[in-house]
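The next block holds one structure in the form of structure tokens; read it before the comments.
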Amino acid sequence: MAHAVGHISGGHFNPAVLFGLMVSGRFPAKDLAPYIVSQLLGATAAAACLYTILSGAGAFSVEGAGAFATNFYEMEGYAGRSYSMGAAFLAEFLLTAFFLIIILGATDKWANGKFAGIAIGLALTLIDLISIPITNTSVNPARSTSQALFVQGEVLSQLWLFWLAPIAGAIVGGLIYKFLLQKEEA
């Protein structure tokens, strides 16, 4: 989708990424609020479509940890595992920080931008493979919010972590790239 609509909006779908881009100097702070509102509305509309489709199968339920792709910690989840709040925070923080470093590196003016989508997409795939068993993968507060709005309950009360950890991680990743990795001249 970033390639499909990138020429219109920059292809931004993730509030955390916007914060990382902002601190790295690649996104204006004045545009944060309207983009985040748009991201939340888009994610919620997508979740509503998915909810409607899945509700068409009689056995669909939004009950339990990880139901409807919600994020969670300290709840009985996959294969009986339940990660602590600290482990969930650290996983979301670190993975989002690395995600920002990859995004910034792949889209740097000195990088071959034709492959940015591949690098970013493969990075997100790896992030998902690592963190689905831990938190059901957030790294995107808009996506986390949209699912939690349908499930409600305990996952909604845990949503703060899936905003705070990715945004903090994105900010740190953005600062690391800007001050340690960004190439200033040819």
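The values are calculated or read from the model by the stated rules, or taken from the named source; none is laboratory data. Since we're looking at a predicted model, the values are computed, not measured. Glycine also receives a Cβ, built like all others from the backbone with ideal geometry; neighbour counts cover every protein chain displayed. Side chains included, ligands, DNA and RNA excluded: accessible areas come from the protein's heavy atoms. Shrake-Rupley method; radii C 1.70, N 1.55, O 1.52, S 1.80 Å.
The figures follow:
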read-out: Sorted largest first, extent of the stretch 76-185 alpha carbons per principal axis (Å); value: 51, 24, 23
read-out: Inter-label distance for Trp160 and Ile53, nm, one decimal - labels placed 7 Å from Cα along Cα-to-Cβ; value: 3.4 nm
read-out: Solvent-accessible area per residue, Å², over the stretch 65-134 with all protein chains present [probe radius 1.4 Å]; value: 51 Å²
read-out: Fraction of accessible area attributable to carbon and sulfur, the stretch 44-186 (%, probe 1.4 Å); value: 69 percent
read-out: Surface/4 estimate of mean projected area, convex hull on alpha-carbon atoms of the stretch 105-152, nm²; value: 4.2 nm²
read-out: Mean shadow area of the stretch 120-186 over all directions, Cα convex hull, nm²; value: 5.7 nm²
read-out: Paramagnetic reach from Phe179 in the stretch 1-34 [backbone N under 12 Å; point 7 Å along Cα→Cβ]; value: 24
read-out: Peptides ranked, highest mean first, by Cβ atoms within 10 Å: ranges 111-121, 21-31; value: 21-31, 111-121
read-out: Cα-based equivalent ellipsoid of the stretch 11-102: semi-axis lengths in Å, sorted from largest, via gyration tensor; value: 29, 21, 9
read-out: Whichever lysines have a C-alpha closer than 24 Å to that of Lys30, once near sequence neighbours (fewer than 8 apart) are set aside; value: Lys109, Lys178
read-out: Separation in nanometres of the label points that stand 7 Å from Cα toward Cβ, at Trp110 and Glu74; value: 4.4 nm
read-out: Cα-based Kirkwood hydrodynamic radius, the chain, one decimal, Å; value: 17.1 Å
read-out: Extension gain (nm, one decimal) between Val62 and Ala87, 0.36 nm per residue minus Cα-Cα; value: 6.6 nm
